[in-house]
Amino acid sequence: MKPPMKRKRTFQRRKVCVFCADSGMKIDYKDVKTLNHFVTERGKILPRRISGNCAKHQRDITQAIKKARNISLLAFSVFGS
Amino acid sequence: MRRYETIFIANPDLSEEDQNALQEKVRSIVASFKGEFVKLEDWGLRKLSYPIRKNSRGRYFLVDYLAEAPALVRELERTLRLNDGVLKFLTVKTSARVTSEQILALKAASLAAKTLPLEERPAAPEPTPAPVEAAKTEAGGEEK
């Protein structure tokens with residue numbers, strides 16, 4: 001029998017949603033520079049647990065990224081190089 | 001009235017005349033449907049994130065306008081779809097209700113923008129959707 005695994009997770013500070021913290025920031029699908037913070041190198045949308053967004057803003061970001069992809073401002077997928 | 005913006009990507013191989021004709025056409029459609037034209041931005045040639053009809057670059061145009069009836073949007077999208085020089089387009093409603101005072105403010109702002117050089121353009125007064133420039137300057141400040 002294996003002894004119960006000891007949880008050795010380093011505690012990380014709970015991130016605060018950037019858009020909540022700074023109300024001046026707007027989510028816009030045309031603003032590629034901001035959206036780029038929320039996608040991986042491969043172009044996938046970063047999960048909330050990593051980006052630290054609140055549910056509302058994550059939703060907005062997701063919508064914005066999808067719009068930007070549609071009009072080719074962002075890539076659907078980035079192939080390795 | 002509702003405020004919409006349409007981005008369309010023109011084929012970069014189009015001649016300057018065709019580009020202008022395209023812009024003119026967009027303007028005339030907005031006018032003929034009693035829409036309120038706010039602005040047409042030319043973003044110039046940009047690299048596309050993925051090839052569209054074998055083009056790796058495209059010329060982006062952003063049309064900002066107000067419309068009373070969705071017929072305007074339908075007609076605009078129809079013409080863009082029929083035009084071979086347009087690679088892709090996307091229409092987004094930016095504001096569901098714009099009052100007549102806001103329209104006047106918008107008009108004043110666009111007039112001021114015409115007389116002022118691009119850099120010194122003041123932020124548009126109060127219209128509900130924030131100007132694009134404001135959002136753009138406040139990028140950054142976040143890491144993954």
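Coordinate-derived values only; no laboratory data. Predicted model, so just to flag it, every value in this text is computed and none were measured. Glycine also receives a Cβ, built like all others from the backbone with ideal geometry; neighbour counts cover every protein chain displayed.
Here the calculated FRET efficiency for residue B:13 and residue A:77, from their Cβ-Cβ distance with R0 = 30 Å, stands at 0.70, rounded to the nearest 0.05. In this simple spin-label model, placing a label point 7 Å from the Cα along the Cα-to-Cβ direction at both residue A:40 and residue B:47 gives a separation of 2.2 nm.
For region A:37-81, the Cα gyration tensor yields ellipsoid semi-axes of 19, 14, 5 Å (square root of five times each eigenvalue, largest first, whole Å). Taken along the Cα-to-beta-carbon direction at a fixed 7 Å, the label points for residue B:32 and residue B:93 span 2.4 nm. With a ≥ b ≥ c the root eigenvalues of the C-alpha gyration tensor of region B:1-77, is it rounded (a/c under 1.5), prolate (a/b larger than b/c) or oblate? Here region B:1-77 falls in the prolate category.
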